[in-house]
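Structure record follows, encoded as C-alpha cells.
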Amino acid sequence: MNYIVFDLEWNQPPDGKEYSNPLLPFEIVEIGAQKLDENLHVCDTFHAIIAPIVYTKLHARTQEVIKLTEEELKQGISFVQACKDFLFFSKDCVFATWGPMDLTELQRNMRFFHIGIPWKKPLFYYDVQKLYSLAYEDGKTRRSLESAIETLQLPITVPFHRAHHDAYYTALILSQINTTLIQTYYSIDYYQPPSNKKEELHLHYPGYYKYVSREFENREAAIADKTVTTIRCHICNKALHKKIRWFSGSSRIYYGLAECPEHGYVKGKIRIKKTDKGHVFVIKTVKMTDKNGAEKIQKTLEELRRKRRARANIINIPSTITSRDFPSS
C-alpha cells in the first residue's frame, strides 16, 4: 500500500467573509504531495501552483503566510487540470494529511468546479496530526506542524507554509511513527457522510467506539433517532440505562453518562455536523470512564443548570426601576 501525504494552500475573499461564495469559502491555489511506499519511504513527489478564478486578489493574511504573489499565481494552471493530475498521481493510494481540513477543502473545490469525487464512501485516511499526538503526547493535544517538527528535533531544511514543503514535513513525521499505530488509528473523512442507514458506520478503536450516522433533515430529527441516543458499553455492547440523559450547552455538542453493571461508567459525546446541503449528521463517541470522569460530567451539567437559572433571573428583572427598588439613604 502506498501513501499520499498532501497539503493545500488556499485563498479567501480579501475584503472579508461577507464577500465569500458559500459554495467555495476557500479557493485552492497550491497542491503539494509526497508518495510513500509501504515502508514510508518517499518514492515520488507532486507540486502544482493554481491560478485562482474566484478570489483573484490575495487576502493579506494568505499572502503573508504562503509568500506567493498574485503575479506568480497568474502563471499557474487551472484547478481542473491540477486536480486531474493529482488524482492520477494519487490513484490506488491512501491519503494522509496534517489534520482533517485539507480533504474537506479538496472535495469542496472539486464539487464547485464540477469534478466528480471518485472515492467510495467511507473514505478512510490517516490524520498525521492526531497520530503524532497519540504517539508522542496525550492523544488529545493538536500541535501545529512546525511545533511538531521542532519538538521531534527534525531538520528544518525548507520554509513552512508552502504546500510541497508542508507535505514533506508531514511525511517526515509520519515516517517516525510506528506503522501498527498508524494502521490502528485510521480516520474517516466526513465530507460525504452516510446517505442511508445501511451506510452508517460503527467503528471500534482501542478504548472507544465511534458511530457516524446517516444524514437527517435537522438536529431535532437526529436527536429523536434511537440509534443516535442509545449508549452501549464499548466492551460488551449492551444497551445501558442512562445515569445522566443527554444534555447540551450548545446546539452542536451533547454529553451523556451511563453505567454498565459489569464494566462500570460509560460516557458519550454527540457532535452534530452540518453538510454543504444544509442537512445534519451525527458523530457519536463512547468511551469507558471512571468515577472522576462521571463526576466531571455531573459537574458540567450542574454548572450548565446554574447558568441557565442565572439567565432566567436576569430576564425576569422588572423593566422599569423606581426609587422603591433602592433602599432609602
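Among the residues of the stretch 272-301, those identified as out of contact with any His (no Cβ under 9 Å at 6 or more places or on another chain) and within 17 Å of Tyr208 (Cβ to Cβ) are Val282, Ile283, Lys284, Thr285, Thr289, Asp290, Gly293, Ala294, Lys296, Ile297.
Checked against (1) farther than 21 Å from His164 by Cα; (2) at pLDDT 95 or above, Lys121 passes all but condition (2). Looking across Ile156, Ile115, one residue alone is open to solvent by less than 40 Å² (accessible area, probe 1.4 Å), among the β-branched types (Val, Ile, Thr) and either assigned to a loop (DSSP other than H, G, I, E, B) or closer than 20 Å to Asp44 by Cα (or both). It is Ile115.
Residue check: is Thr151 open to solvent by 40 Å² or more (accessible area, probe 1.4 Å), among the polar types (S, T, N, Q) and without any contact (Cβ under 8 Å) to a residue 12 or more places away in the chain?
no
When the stretch 10-48 is filtered for residues that are out of contact with any Phe, Trp or Tyr (no Cβ under 7 Å at 6 or more places or on another chain), open to solvent by 20 Å² or more (accessible area, probe 1.4 Å) and within 16 Å of Met110 (Cα to Cα), the ones remaining, listed by number, are Asn21, Pro22, Pro25.
For the stretch 66-89, the candidate set comprises residues that are touching a residue at least 40 places away in the same chain (Cβ under 8 Å) and not in a helix (DSSP H, G or I); within that set, the residue that is least open to solvent (accessible area, probe 1.4 Å) is Leu68.
Filter the stretch 240-281 down to the residues that are of a type in the set (Gly, Ala, Ser) and not in a strand (DSSP E or B), then identify the one that is surrounded by the fewest Cβ atoms within 10 Å (Cβ to Cβ). Filtering first and then ranking leaves Ser250. When Lys291 is tested against the conditions (1) more than 27 Å from Glu199 (Cβ to Cβ); (2) among the basic types (Lys, Arg); (3) crowded, with 18+ Cβ neighbours inside 10 Å, the lone failure is (3). Consider the stretch 49-65 and keep the residues that are within 18 Å of Asp85 (Cβ to Cβ) and without any contact (Cβ under 8 Å) to a residue 40 or more places away in the chain. The one that is least open to solvent (accessible area, probe 1.4 Å) is Ile50.
The values are calculated or read from the model by the stated rules, or taken from the named source; none is laboratory data. What you are looking at is a predicted structure, and each value in this text was computed from that prediction instead of being measured. Heads up, the Cβs are rebuilt from the backbone with ideal geometry, glycines too, and the neighbour counts pull from every protein chain shown. Only protein heavy atoms, including side chains, enter the accessible area calculation; ligands, DNA and RNA are left aside. Shrake-Rupley method; radii C 1.70, N 1.55, O 1.52, S 1.80 Å.
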